Each structure stands twice: as C-alpha cells, then as structure tokens.
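All remarks here apply to the structure that follows.
Please treat every number below as a calculation from the coordinates, not as lab data. All values reported here derive from a predicted model rather than from experimental measurement. When we count neighbours, we look across all protein chains shown, and the Cβ atoms used for this are built from the backbone with ideal geometry, even at glycine.
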Amino acid sequence: METAAVNLARRFSEAWGAGDIDAASALFHPEGVIVSGVLAGPGQTYAGGPEAVRAAVERAGERWADFTLRERSYEPGGSPNLVLVRSVLSARAHGTPLESEWTSWGVFTIHEGMIHSFRLFHTEEEGRRAAGLSPANDVLGHSPRAASVLPQHPRSAGRAASAKRQARATHLASAKEARRISTGAPSPRR
C-alpha cells in the first residue's frame, strides 16, 4: 500500500518527467523550496512554491539541451511526511551529442498535503540520512559506514570529512524542518 506522501512524490516526479510543469507546480506548497543537484545547478535553492519549480526547470534548460528521468523508486521516510526518491537521469549538454547519466537521491517533505521541500543529494547515504532512514547495505551486506574505516590518503580524508560535515548539516536542517512541520510550528521568515 502506497502512502499519501509517496503518492504525492510520485505524482510530482511523473509530471516533471513528462514535462508537465503546471501539474508539477500545482503540487508544491506556496512556501515550498527546491535545493537542487546536478540538473538545475548543485546546491542552488529555488524558493516560492510553484515558482520554485518553474525556476528550477528554467535553470535546467539553461544547463542542458535536454534531460530525461529514466527510472525512479520511492521509499517512505523515517516520519510520515518524508519520502526518499532515487532517480536515474540522463542529459545532453548544449552543443554536444554526448549524454551524461547519473543517479541522484532526493527527499520530499510533505506539509498540508503538498510538497514543502525537495532536496537533492549526491549520495544514497546522504539522502537516506536526510529522510530519517538507516544506511542501505551493499550487495554483500556491508553498511556504507564500514567502508569509511579503510585507510585513506590524507587529502581525500579531509575531503571526506568535509563532505560528511556538509551531509550532517543538511540532515540536521531536514530533520529540524520535519519536526517543525509535524508539530505545526510556523515557517521561519526569510
């Protein structure tokens, strides 16, 4: 049985994938935000509910000649208002026949029956953490955290530590937002 939050996330993704921006925008809360990934500019924040969706699509159109959502999977998050979505996207840059393909993980936060935020992450672990889920095990049953104890070159260890701090900060912000929404607290003014 699909939850209402997963159904809403699926409807948004299907409308976006079909190019029906009006239908996708209509599912966004008036205060909704998108924190984008590769498609619309890494780390870019688009605010203003339905206008956020339109701005992200416009930015993606500036970055890519065309793009396609190839496959999607959905998982209810650690609270009823969170949904983790895994998407495989392909895109072709302007002026080149070469196509790029990547996987991204996004977390939808649902409030008042609408999408309040959609945040994209570079790794599955970041996405799962932001959605309040446990890390996934790899095909051998090993947790991604087990790999982090392997020796690393000092520079890559510093980058990994920085990425972990950033992922943790993003997770804390998503968890704080989920708590605020679930308690009915007002949205902070920006």
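Quick notes on this structure:
- Residues S73, S36, sorted so that the one with the fewest Cβ neighbours within 10 Å comes first: S73, S36
- Given charges at Cβ of Lys, Arg, Asp, Glu: region 1-131 dipole, positive-most of Y74, H116, G49: Y74
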